[in-house]
1. How would Arg96, Arg119 rank on accessible area, largest to smallest, probe 1.4 Å?
2. Show the residues, 5+ positions off or on another chain, whose built amide H is closer than 5 Å to the amide H of Thr7.
3. In whole Hz, with x marking every Gly and Pro, tabulate ³J(HN,Hα) for the range 293-309 from phi via Karplus 6.51 cos²θ - 1.76 cosθ + 1.60, θ = phi - 60°.
4. Just reorder Arg205, Arg120, Arg382, Arg174 by solvent-accessible area, largest first, 1.4 Å probe, all chains present.
5. Starting from 0.36 nm per residue, how many nanometres of slack lie between Lys193 and Asp265 once their C-alpha separation is accounted for?
6. Mind grabbing the accessible area of Tyr173 for me, 1.4 Å probe, Å², rounded to tens?
7. Taking amide hydrogens as modeled 1.01 Å from N in the peptide plane, which residues meet the under 5 Å criterion relative to Glu177, leaving out close sequence neighbours?
8. Hey, any idea what % of the chain's accessible area is carbon plus sulfur with a 1.4 Å probe?
Amino acid sequence: MTPAKPTACLALADGTLFYGQGFGATGQTQAELCFNTAMTGYQEIMTDPSYAGQIVTFTFPHIGNVGVNPEDDETGDPVASGMVVKWMPTAPSNWRAAEGLSGWLASRGRIAIGGVDTRRLTRAIRQAGAPHVALAHNPDGVFDIEALVASARDFAGLEGMDLAKDVTCAQSYRWNEKRWAWPDGYTPQKDPKFKVVAVDYGAKRNILRCLASAGCDVTVLPATATADEVMAHKPDGVFLSNGPGDPAATGEYAVPMIRDVLDKDVPVFGICLGHQMLALALGAKTIKMNHGHHGANHPVKDLDTGKVEITSMNHGFAVDAQTLPEGVVETHTSLFDGSNCGIRVEGKPVYSVQYHPEASPGPQDSYYLFERFAEAMAARAR
């Protein structure tokens, strides 16, 4: 049998080329390349705003087999620039599927390539770090390789990039939808006990659902909100969301706001980029990781209890634990590489974690953190 003619090409900045079959949209894009080890949740991953500026290589080969549906979007449209998979998507086989993966990507302008040796590609990322790449899909199979490699080399990279402004909400809004539960699906929170302001650096919808399920009446504000705008809602607590890009760049405007909020003595809880923003506001520093953490099987140790949680992660930057100031305690570390995964402020209801307790996709070992946030707000009210 004659192999199919390649219709897509992935070019790394070092000149390495991967050919395969294109699906989704046609055209060309450039980004940083990462890999994700999750076995489920490709739709949630592609719509996670934290993946802005990145193309995702999926190490699990069965991508697209359950199709897509509107309920599983973490934001309105895919945010990741593209996807790389081992096997071409098959026809979806799932009762919740509304359409196929390829058509969904095509209608939303996202390029994908299948038939790639993702093991080899993942090894390259682990060894040399997350590369800058260009991905092209042309049904005619014609590629200007020299221009494609040049495009990969021209990508500016994520260091120094404030991408939170690109993915944040345009204006404030209220959220009351709770977590999905059989058989009713998503239902509204009708009896909230706490007013929470969530600062949107690229918030996933399931984070907001977890806050609502924990008893919160959530008001979402844009990433550039000031402390006065946050406190004007008289919140019982302030939440700092996940998001993409370099935390130091976003911190130019986020850190002053967070420092002012910390002076108001309200409970503060941060996730992912929100964790990094809180650390910067407290005086620590962040660093770019070699290839980051992206997956749903990451073991994290709670240093206070010794408990190990299996968590969902998605980050290419990390808090440098060596720079944590006095009075800020490291609470969680990664059992993969020892990197920082959580902090808290001594004597205050202020804490954050690097991983994603809301999952989507991934295990739900860490949902208790939302309940802890609610308990901190309840204690402050007493």
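1. Sorted by accessible area, descending: Arg119, Arg96.
2. For Thr7, whose amide H was placed from the backbone, the distant partners under 5 Å are Gly20, Gln21, Gly22.
3. Per residue, the Karplus-derived 3J(HN,Hα) values read 10, 9, x, 10, 9, 8, x, 10, 9, 7, 6, 6, 10, x, 5, 10, 10 Hz.
4. Solvent-accessible surface, decreasing: Arg382, Arg174, Arg120, Arg205.
5. Difference between extended and current length: 24.0 nm.
6. Result for Tyr173: roughly 80 Å² accessible.
7. Gln189
8. Values: 7660 of 15790 Å².
Carbon-and-sulfur percentage of accessible area, whole number: 48.
The values are calculated or read from the model by the stated rules, or taken from the named source; none is laboratory data. Every value quoted in this text rests on a predicted model; they were computed, and no experiment measured them. Neighbour counts are summed over all protein chains in view; Cβ atoms, including those assigned to glycine, are modelled from backbone coordinates with ideal geometry. Just so you know, the surface numbers come from the protein's heavy atoms only, side chains and all, with ligands and any DNA or RNA stripped out. Shrake-Rupley method; radii C 1.70, N 1.55, O 1.52, S 1.80 Å.
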